[in-house]
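S.K.: Dropping a structure here in structure tokens format, bear with me for questions.
Nothing in this text is a laboratory measurement; each read-out follows from the coordinates by a stated rule. Keep in mind it's a predicted model, so treat the numbers as computed, not measured. Using ideal geometry, Cβ is built from the backbone for each residue, glycine included, and neighbour counts are taken over all protein chains shown.
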Amino acid sequence: MNQAALHRLISSSLKEKNPELLFEKRFATNLTLIKDLFFSVYDKKIHRKHFEKLLALLPKLFNQRPETLRTQDVERIESGDWFQSEQMVGMQLYVDLFNKDLKGVLEKIPYFNDLGINFLHLMPIMTRPSGENDGGYAVNSYHEIDKGYGTKKDLLKLSGKLREKSMYLMLDFVVNHTSDEFPWAKKAKQGNKKYQKYYHIYDNRTIPDEFEKSLPEVFPEKAPGNFTYNPEMEKWVMTVFNEYQWDLNYSSPEVFLEMLENLCKMVNLGVDIVRFDALAFLWKKLGTISQNLPEAHNLVSLFKMCLQVVAPGTLFLAEAIVAPHEIIKYLGQGATEGNECEVAYNASLMALLWNSIATKKTGLLYKSMANIPEKPEYCTWVNYIRCHDDIGLGLDDRFIAELGWNPQGHRKFLLDYYCQNLDWSPAKGVLFMYNPKTGDGRISGSAASLLGLEKALEKNDARQIETSVNKINMLHAIILSFGGMPIIYAGDEIATLNDYSFLKDKTKKDDNRWINRSKHDWKTVERLNNKKLPQSKVYHTLKKLISIRKKTKELADGNNLELHHAGNEHVLVFERTGVDKQGVLVVCNFDETSQVINGSWVAKLGYLKNSVFYDLITAKKSEVNSGFIELKPYQILWLKKL
Ligand code: GLC
């Protein structure tokens with residue numbers, strides 16, 4: 001049982017739900033864990049005062065929590081699993097690209113409602129440097145809205161409206177780094193020693209050179225190395241991402257305390273889920289890759305346990321795009337099980353789906369999924385196909401090898417397939433941050449272009465257009481039924497293609513992730529009534545799938561996922577088991593030709609009766625053909641027991 005479950009028990013045993021009293025109880029319940037986590041990172045003998053500061057800070061932060069949010073917190077504690085519900089369907093969007101500013105997003109609430117979206121991830125909206133700023137991931141503040149997006153009042157109005165409509169809001173907390181224009185960085189540049197300690201700053205190259213021996217490079221083409229020389233200080237600063245993103249130094253407890261205050265100020269703007277950006281990088285240690293270190297986990301859990309005391313209705317989403325067996329650890333392990341992040345990006349599923357599209361086979365998906373330990377009870381995934389970032393090939397080499405493929409060769413094949421190195425491939429993506437030293441590379445491109453629509457439209461090839469639409473729909477149907485919160489990347493609902501305009505912008509041209517960050521195409525939205533357009537086929541299918549998901553209780557995440565082997569290497573089958581022998585059997589064909597699966601084991605599972613099966617998507621009963629269920633290319637079935 002995690003801490004949240006304890007709070008639920010305590011709260012439901014109380015007759016009067018007084019927020020202050022509940023705060024006291026949460027504080028007392030989490031205190032031992034907070035103490036242990038704090039002193040696991042900070043030395044007991046040196047930092048006792050800072051611990052006392054933290055204890056004094058929590059009531060202060062609770063007092064700053066707005067009344068409405070405190071009341072909502074109490075409701076959320078008791079409802080517990082609201083975020084695991086089948087009702088959750090998210091959309092990720094850039095405010096400016098979507099509809100100009102925060103007011104523009106507010107105006108589009110009917111659009112979200114039409115599609116069935118009830119959860120918005122707004123990409124960074126806080127102040128940032130005016131030139132390059134990594135799409136706002138270089139922050140000048142954690143709670144001041146950038147003028148270009150609107151005002152604090154606009155955000156409060158939007159978050160209030162979302163609450164009123166039972167919708168949810170997610171914002172980023174860029175916890176690992178600030179921009180080089182952040183007030184602390186500015187003071188550091190002016191020679192302020194206190195603030196120089198807030199970052200990893202060195203007088204000469206001795207320690208940076210030591211670090212470089214084991215640190216990988218995140219953006220090797222654009223920002224090679226992990227340190228940047230600052231001429232004002234005449235010192236070297238750790239900049240793991242871009243030169244203008246300075247890594248915070250969490251070995252100083254002052255940094256933790258100030259960041260906790262920043263976090264609370266941000267969530268008080270009406271944030272339901274905090275996307276904990278690049279959290280794997282929080283702790284640095286010589287001789288290691290400085291990712292996923294135990295101290296980073298303890299820090300995340302410490303943030304969580306404190307935030308749970310102050311604002312228990314707010315969740316953490318782990319943005320840890322790391323190896324499959326590392327991702328799950330952000331949901332907590334051992335004493336922190338379920339007490340770290342409640343949600344994590346299912347980056348492994350995402351990468352495996354792209355792998356299955358390219359290979360037309362599901363073997364690696366099965367092998368990898370079967371080897372991921374079950375997640376803690378009160379946690380869930382964000383399932384997605386595309387986001388604003390590149391696609392990293394987070395695949396396990398061991399499993400690739402077990403399938404008889406050479407891991408390096410296989411990765412090269414995937415890059416070639418998606419990045420226009422194979423004539424026959426329908427995909428049109430671009431290679432991102434290829435590192436010739438390691439042979440590693442990632443993939444940029446929009447879902448539709450990677451799934452063949454761009455090339456098919458160029459060639460005016462009706463068959464290929466249809467295939468591409470079917471692929472998009474199948475992947476959407478998988479993330480909607482896998483278990484967790486599906487997040488649609490804005491534009492994918494209308495099959496947006498690559499946008500090459502970034503090449504003309506000097507602040508963007510060196511970062512081809514911008515190929516998949518295009519302005520929302522409202523002209524196409526106006527034409528969605530024309531059901532013949534490929535974009536309409538994607539939109540209306542997605543809308544239908546969302547509405548079915550919302551009516552299907554088994555699709556809520558209760559850790560009720562079971563993989564089944566269909567005996568066909570092109571087919572993926574998983575079941576979402578339900579109570580009272582109910583359930584949904586998801587069957588999908590990753591091949592470009594029709595495939596069959598044997599009806600007899602489908603019957604054993606209870607999804608075939610008297611040779612008839614029922615598909616929720618087409619809402620039709622069908623008969624097996626000579627004992628086999630046939631799937632058209634890229635078809636997906638959501639079978640329900642008859
Ligand atoms: C996350 C963001 C990415 C950004 C990086 C650095 O990975 O998704 O866009 O570049 O953090 O902040």
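S.K.: Please give the length that would be gained between GLN420 and SER600 if that part of the chain were fully extended, namely 0.36 nm times their separation in residues minus their C-alpha to C-alpha distance (nm, one decimal). Provide the component values of the computation, followed by the final result.
M.R.: On the way: separation 180, 0.36 × 180 = 64.80 nm, distance 4.17 nm.
That works out to 60.6 nm of additional length.
S.K.: Specify the angular offset, from 0 to 90 degrees and rounded to the nearest 10, of the alpha carbon long axis of helix 534-551 from the longest principal axis of the alpha carbons in the chain.
M.R.: Approximately 80 degrees, to the nearest ten.
S.K.: For a quick check: sort LEU302, LEU115 by the number of other beta carbons within 10 angstrom, fewest at the front.
M.R.: On the way: LEU302 26, LEU115 19.
Neighbour counts put them in this order, fewest first: LEU115, LEU302.
S.K.: Any chance you could give the angle, 0 to 90 degrees and rounded to 10, that helix 253-267 forms with the longest Cα principal axis of the chain?
M.R.: Once rounded, one gets 50 degrees.
S.K.: Using just the helices of the chain, give the 222 nm mean residue ellipticity in deg cm²/dmol: DSSP H runs with n ≥ 4 each add -39,500 (n - 2.57), and the total is spread over all residues, rounded to 500. Don't skip to the end; give the middle numbers.
M.R.: On the way: 24 runs with 252 residues, N = 642.
My calculation for the chain gives -11500 deg cm²/dmol from helical runs alone.
S.K.: Ranked from highest to lowest mean number of other Cβ atoms within 10 Å per residue, what is the order of the peptides 608-614, 197-203, 370-376? Show your work: numbers first, answer last.
M.R.: On the way: 608-614: 15.7, 197-203: 19.9, 370-376: 14.0.
Order by mean packing, descending: 197-203, 608-614, 370-376.
S.K.: How big is the antiparallel share of DSSP beta bridges in the chain, given as a percent to the nearest 5?
M.R.: Working: 44 of 69 bridges.
Bridges in the chain are about 65 percent antiparallel.
S.K.: Further question: With the cut-off at 1.5 for a/c, could you classify segment 440-504 from its C-alpha gyration tensor as rounded, prolate or oblate? Intermediate values should be presented prior to the final figure.
M.R.: On the way: a/c = 1.98, a/b = 1.22, b/c = 1.63.
It comes out oblate by the Cα gyration axes.
S.K.: Using Cβ counts within 10 Å as a stand-in for footprinting exposure, how do ASP505, ASP423, ASP615, ASP73 rank, fewest first? All intermediate terms of the calculation are to be shown ahead of the outcome.
M.R.: On the way: ASP505 10, ASP423 5, ASP615 19, ASP73 24.
Going from least to most buried by this count: ASP423, ASP505, ASP615, ASP73.
S.K.: Could I ask something else about it? I need the P(r) histogram for segment 560-640: all alpha carbon pairs, bin width 5 Å from 0 out to the longest distance, whole percents.
M.R.: Bins of 5 Å from zero give 3, 16, 29, 30, 17, 4, 1, 0 percent of pairs.
S.K.: Still on this structure, please answer the following. Taking the Cβ of LYS360 as the center, what net charge do the other residues with Cβ under 15 Å away carry, scoring Lys and Arg +1 and Asp and Glu -1?
M.R.: Details: positive: LYS361, LYS471, LYS632; negative: GLU569, ASP591, GLU592.
Net charge in that neighbourhood comes out at 0.
S.K.: In addition: Name the lysines eligible as straight-distance cross-link partners of LYS412: C-alpha to C-alpha under 24 Å, and not fewer than 8 places from it in the same chain.
M.R.: LYS222, LYS360, LYS361, LYS367, LYS428, LYS437, LYS455, LYS471
S.K.: How long, wide and thick is segment 353-476, going by the Cα atoms along their three principal axes, in whole angstroms, largest first?
M.R.: Sorted from largest, the Cα extents of segment 353-476 read 47, 38, 28 Å.
S.K.: Can you give me the angle between helix 3-13 and the longest principal axis of the chain, using Cα atoms only, in degrees from 0 to 90, rounded to the nearest 10?
M.R.: For helix 3-13, the angle is close to 90 degrees.
S.K.: Return the subset of LYS186/LYS304; LYS304/LYS553; LYS15/LYS49; LYS165/LYS523 for which the Cα-Cα distance in this structure is over 32 Å, preserving the input order. Working shown, then result.
M.R.: Working: LYS186/LYS304 29 Å; LYS304/LYS553 29 Å; LYS15/LYS49 37 Å; LYS165/LYS523 27 Å.
Going by Cα-Cα distance, LYS15/LYS49 fall outside the 32 Å limit.
S.K.: Fewest first, what order do THR467, THR314, THR32, THR127 take by the number of other Cβ atoms within 10 Å? Display every interim value, and only then the final one.
M.R.: Working: THR467 19, THR314 25, THR32 11, THR127 22.
Exposure proxy ranking, most exposed first: THR32, THR467, THR127, THR314.
S.K.: Now for a separate question. If the cut-off is 12 Å between C-alpha atoms, which aspartates and glutamates fall inside it for LYS157, apart from same-chain ones fewer than 8 positions away?
M.R.: Straight-distance partners of LYS157: GLU107.
S.K.: About the Cα centre, and with charges only on the beta carbon of Lys, Arg (+1) and Asp, Glu (-1), how big is the dipole of the chain? Nearest 20 debye, please. The partial results should precede the final answer.
M.R.: Working: 84 positive and 79 negative charges, 248 e Å.
Its charge dipole is roughly 1200 debye.
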